Amino acid sequence: MLVLFETPAGFALFKVLDEGKLSSVEDLWKDFASSDKARKVVELKAFNKFENTSDALSAATLLIDSKPSKGLRKFLQKHCDGETLAVADSKLGNAIKEKLQIDCLHNSAVMELMRGLRNQLTELMSGLAEHDLGPMSLGLSHSLSRYKLKFSPEKVDTMIIQAIGLLDDLDKELNTYAMRVREWYGWHFPELTKIVADNIHYAKAVKMMGNRVNAVNLDFSEILPEEVEAELKEAAVISMGTEVNDLDLSNIRELCDQVLALSEYRAQLYDYLKSRMNTIAPNLTALVGELVGARLISHGGSLMNLAKQPGSTIQILGAEKALFRALKTKHATPKYGLIYHASLIGQAAPKHKGKISRSLAAKSALAIRYDALADGDDNSMGLESRIKLETRLRVLEGKELGRSAGSTKGKPKIEAYEKDRKGGGALITPAKTYNSAADLVLGQTTEETPKKSEVASKKRKHQEEEPTAEAAEQDGEQEKEKSKKKKKKSKDIEETPAAVTDASEKKKKKKSKEAEDTPAANTDGEKKKKKKKSDAEDAPMEVDVSAKKEKKKKKKHADE
């Protein structure tokens, strides 16, 4: 069995003399306690020396990726015919087996053997001293580290991360210093705070003016507009501030110098950041701007890390705290993070910000990947994506403006009723059920509407139960019988359905008209009204009865 061992000077192949000792892994370290014992276990068979540092670097980088170099393949093909090869990396062993058809072995015994070889390497290999091996290892490690770094001054996003961090710190410090100037000088000239709103203009005015008494004789035209200058001079004359000495004013002016210096440096830093963003991420800059793009890169760690993120992550990047709070409390998740400050989302209406932020995040993800991985340095892709997003925004706004009041799209959406919905929505009282029996539909014969024959038969029965007009005249003096008859009539009316009662009322009206045409019925009714005033309520009832009798006679003649 052969052992492949990598050194800074080249590749070495060791022949295992006693393979039986590999069975006891725990006692294998004793065989490498000294160089004499180590020579009894293994011996150097072949050595492939690196020609120069670049050759060693290329071989080392390929070994990191578990790939054999071209020189290593030739070396193994020459010395490993029919032998089993022990390797320290299982992935490298698989690659060698696939390409060279050499059986490879990797287990705990092999790793313990590698440890012993590393301990006695200078003794087993003649011509490789320990004082030479150290510098070689150090030089190879430095070369490998520089290769991993892949230093490129044109594509270094670290500069952007540092610049945007410093820019944010400068904004905080500048705001703090400006507020301190306003508070400090406000004791002497409090009216100036409301007159001059801009912090830089305020600091310049304070530095030029000093004491407010000097404001009348100074020219502020380079700093302030004419209206503001006139208001300042008027307020300086009637100011209610306290008096200050020259020492206080000198310190305030020095603070104003710091504010102005910080503002100038911030403008310079912003120009630098703008140029770096247009160089490193031009498409992202065209979509979201320099500041938002730089903050996204800083939050992601690097441009390459940001390119690995999907559009949904880029959309809420910077709103992690709100996202986890929403997931914990089971509320709605945030729609945007750092991307909210982009100009496209600022142009959108509040109800369209969610849609535009989602579309902008998707386009930004493509732009970031193009900037990170593509070779081109132009921003054509970002400009095209921005035009598409602006068109989509106009389409969304046009849909809302184009809706007419009477169209179906403009009508409000009817939400489904939920009994257990929170925040109201449940009915206080139960809804009334519809009474279909009370309907009377003309021109239809259904089960609910009775037929004409049934209505007529019910009328006949009802008429037979009612008393005749002669009986009513004979028993008119008896009030008890009348009251009983009235009760019976009321019961009969309640028992009849609503449809029959409506029909009977209509027919009663018709009968009353016919009764008015007959003089006999009218004379009888008038006599009854004259005789008994108390029976005035029953008179129309008797007329109806006589009309019903006449109708019965007509029907009998018709049947015969």
Take the residues in the range 1-19 that are in a strand (DSSP E or B) and among the small types (Gly, Ala, Ser); name whichever of them is surrounded by the fewest Cβ atoms within 10 Å (Cβ to Cβ). 10
What helices (runs of 4 or more DSSP H), lying completely within the range 20-116, carry at least 1 residues that are of a type in the set (A, V, I, L, M) and without any contact (Cβ under 8 Å) to a residue 60 or more places away in the chain? 53-64, 90-100
Where the second residue is open to solvent by less than 50 Å² (accessible area, probe 1.4 Å) and not in a helix (DSSP H, G or I) and the first is within 14 Å of residue 212 (Cβ to Cβ) and small (Gly, Ala, Ser) and lies in the range 172-194, which pairs have Cβ atoms under 9 Å and are six or more apart or on separate chains? 186/241
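Per-residue answers, yes or no, for (1) within 56 Å of the chain's Cα centre (by Cα); (2) not basic (Lys, Arg):
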{"site": "25", "(1), (2)": "no, yes"}
{"site": "36", "(1), (2)": "no, yes"}
{"site": "56", "(1), (2)": "yes, yes"}
{"site": "67", "(1), (2)": "yes, no"}
{"site": "79", "(1), (2)": "no, yes"}
{"site": "91", "(1), (2)": "yes, no"}
{"site": "100", "(1), (2)": "yes, yes"}
{"site": "108", "(1), (2)": "yes, yes"}
{"site": "126", "(1), (2)": "no, yes"}
Which numbered condition trips up residue 22, out of (1) at pLDDT below 85; (2) open to solvent by 40 Å² or more (accessible area, probe 1.4 Å)? (2)
Among (1) in contact (Cβ under 8 Å) with a residue 60 or more places away in the chain; (2) part of a loop (DSSP other than H, G, I, E, B), which single condition is residue 139 missing? (2)
List the number of the failed condition for residue 302; all other conditions in (1) of a type outside the set (A, V, I, L, M); (2) under 21 Å from residue 392 (Cβ atoms); (3) more than 18 Å from the chain's Cα centre (by Cα) hold. (2)
Looking at 81, 89, 65 in this structure, which one is charged (D, E, K, R), under 26 Å from residue 23 (Cα atoms), in the same structural domain as residue 23 (by the TED database) and open to solvent by 90 Å² or more (accessible area, probe 1.4 Å)? 81
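So that you can scan it fast, the table gives a plain yes or no per residue for (1) in contact with a helix residue (DSSP H, G or I) (Cβ under 9 Å, 6 or more places away or on another chain); (2) open to solvent by 80 Å² or more (accessible area, probe 1.4 Å); (3) within 30 Å of residue 300 (Cβ to Cβ):
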site: 73; (1), (2), (3): yes, no, no
site: 105; (1), (2), (3): yes, no, no
site: 133; (1), (2), (3): yes, no, no
site: 163; (1), (2), (3): yes, no, yes
site: 172; (1), (2), (3): no, yes, yes
Kindly provide the set of residues from the range 267-289 that are buried (at least 18 other Cβ atoms within 10 Å of the Cβ) and either touching a Phe, Trp or Tyr at 6+ places or on another chain (Cβ under 8 Å) or of a type in the set (Lys, Arg) (or both), ordered by number. 276, 283
Taking the range 238-266 as the region of interest, how many residues are out of contact with any Asp or Glu (no Cβ under 7 Å at 6 or more places or on another chain), open to solvent by less than 50 Å² (accessible area, probe 1.4 Å) and either in a helix (DSSP H, G or I) or of a type in the set (A, V, I, L, M) (or both)? 9
Identify all residues within the range 29-44 that are surrounded by fewer than 19 Cβ atoms within 10 Å (Cβ to Cβ) and among the aliphatic types (A, V, I, L, M); write none if there are none. 33, 44
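Could you tell me whether residue 234 is surrounded by 10 or more Cβ atoms within 10 Å (Cβ to Cβ), touching a Ser or Thr at 6+ places or on another chain (Cβ under 8 Å) and part of a helix (DSSP H, G or I)?
no
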Scan (1) within 23 Å of residue 136 (Cα to Cα); (2) modelled with pLDDT of 85 or more; (3) out of contact with any strand residue (DSSP E or B) (no Cβ under 9 Å at 6 or more places or on another chain) for the single condition residue 57 breaks and write down its number. (2)
Test set (1) in a helix (DSSP H, G or I); (2) at pLDDT 90 or above; (3) surrounded by 14 or more Cβ atoms within 10 Å (Cβ to Cβ) - residue 190 fails condition number: (1)
Take the residues of the range 196-211 that are within 20 Å of residue 245 (Cβ to Cβ) and of a type outside the set (Gly, Ala, Ser): which is surrounded by the most Cβ atoms within 10 Å (Cβ to Cβ)? 206
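The values are calculated or read from the model by the stated rules, or taken from the named source; none is laboratory data. Everything quoted here is computed from the prediction, not taken from an experiment. Every residue, glycine as well, gets a Cβ built from its backbone with ideal geometry; the counts of neighbours run over all protein chains shown. Heavy atoms of the whole protein, side chains included, go into the accessibility calculation; ligands, DNA and RNA do not. Shrake-Rupley method; radii C 1.70, N 1.55, O 1.52, S 1.80 Å.
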